[in-house]
Amino acid sequence: MENTPELDALRDAYKAAVEKWIAAIHHEEDLATPDHTVPAVDVWEHAGFTEEEARTGAKEAKKAYEDALRKVNFNF
């Protein structure tokens, strides 16, 4: 395949988004502690929102990369 800096950039963006998502999952998991107080649960819940935002970003980056691959490989 020819030089594809655009595809490389999209792939790298996807991989970075997935790594961010993984980090958010681990952060959320780390907050599931034996501390069952309301403030601790609030912090844990907020981490869940952050994880969902990271997941959405990873899904969007994947779609952009897949769309570019289809265009290059199948002309659509």
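The values are calculated or read from the model by the stated rules, or taken from the named source; none is laboratory data. Here the structure is a predicted model, which is why all the values come from computation and not from measurement. We place every Cβ from the backbone using ideal geometry, glycine too, and count neighbours over all the protein chains shown.
Side notes on the structure shown:
- Taking first residues from segment 52-76 that are within 16 Å of Tyr14 (Cα to Cα) and partners that are among the hydrophobic types (A, V, I, L, M, F, W, C) and modelled with pLDDT under 95, the Cβ contacts under 8 Å between residues at least 6 apart in sequence or on separate chains come to Arg70/Phe76.
- Counted residues, segment 14-28 - those being surrounded by 14 or more Cβ atoms within 10 Å (Cβ to Cβ) and over 9 Å from the mean Cα position of the chain (by Cα): 3
- Within segment 1-51, the set of residues being part of a loop (DSSP other than H, G, I, E, B) and β-branched (Val, Ile, Thr) comprises Thr4, Thr33, Thr37.
- Pairs with Cβ under 9 Å, 6+ apart, first in segment 2-24 and modelled with pLDDT of 95 or more, second among the aromatic types (Phe, Trp, Tyr): Leu7/Tyr65; Leu10/Tyr65; Arg11/Tyr65; Ala13/Tyr65; Tyr14/Tyr65
- Residues being surrounded by fewer than 16 Cβ atoms within 10 Å (Cβ to Cβ) and among the small types (Gly, Ala, Ser) - total across segment 42-63: 1
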